[in-house]
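Here's the structure we're looking at; comments come further down.
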Amino acid sequence: MVAAIIRHFRSLRNMARDGGMLNMFLEEANNERMHLLTFIRMKEPGYLFRAAVIGAQFGFGSFFLTAYMINPTWCHRFIGYIEEEACHTYTKILDEMDKAPAGSELAQWKIDGAPKIAKGYWHLGEHGTIYDVMRAIRADEAEHRDVNHAVSGVPDDTINPLYDPRVKLDRMLKTYVNDIMEKEASKQVGVV
């Protein structure tokens, strides 16, 4: 979120487009928010935990905002390493779930239904489990790791090599045109 905010204000100051970095970082921030909301649905936290989250946001957010203004390259590399540790952690959780004896809480997670918010966000279907959620989150963390390491050395005025907005727009337009053509074709088949 910090990277997106700073890039947003820079884009406004320079009156120029960002080249796709802003959108990518906003999507990453939203994805991390969904991780938190999913885990909150799994275990309703008390006021102390919620206060700790708010305190951590304030403390780390202030530090990271300052650090990003000074050295964005270092910040992306730092987050890349944090995400790498998250990948290891989720891999260990999945391994422990696989090895868990029947009847244990971890083994139960393999069959317990995922929270509704997770089923919708990751398209897990009606039978999505907590195990599926852990796999999806691990995949997200791996993507965040790769993205942050990749952009750590990218100059500010570069089109995002991982998320070129022109490619996304072209893909959206192609899908739109194909949908229109299919609808027209189905109308013509229905008329004949």
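The values are calculated or read from the model by the stated rules, or taken from the named source; none is laboratory data. Bear in mind the structure is a predicted one, so any value in this text is a computation, not a measurement. For neighbour counting, all protein chains shown are included, and Cβ atoms are generated from backbone atoms with ideal geometry for every residue, glycine included. Heads up: the accessible areas ignore ligands, DNA and RNA and are worked out on the full protein's heavy atoms, side chains in. Shrake-Rupley method; radii C 1.70, N 1.55, O 1.52, S 1.80 Å.
Looking at region 108-182, the pairs of alpha carbons with a distance over 13 Å make up 75% of the total.
Running Debye on the chain with equal point scatterers at the Cα sites and no solvent, what base-10 log of I(q)/I(0) appears at q = 0.10, 0.18, 0.19 Å⁻¹? These q points yield log10 I(q)/I(0) values of -0.58, -1.27, -1.34.
In the calculated pair-distance distribution of region 53-158, the portion above 23 angstrom amounts to 46 percent of the Cα-Cα pairs.
Here the ratio of the Cα radius of gyration of region 1-93 to 2.2 N^0.38 Å is 1.25. Taking amide hydrogens as placed 1.01 Å from N in the peptide plane, the amide H of THR129 sits under 5 Å from those of ALA114, each at least 5 positions away in sequence or on another chain. Solvent exposure of the chain, expressed per residue, is 66 Å² of accessible area, with all protein chains present and a 1.4 angstrom probe.
Comparing region 81-122 with the 2.2 N^0.38 Å rule of thumb, its C-alpha radius of gyration ratio is 1.37 (two decimals).
With R₀ fixed at 45 Å, the C-beta to C-beta distance from LEU36 to GLN188 puts the FRET efficiency at about 0.35.
Shown for the chain: the carbon plus sulfur share of the solvent-accessible area, taken with all protein chains present and a 1.4 angstrom probe, equals 62%.
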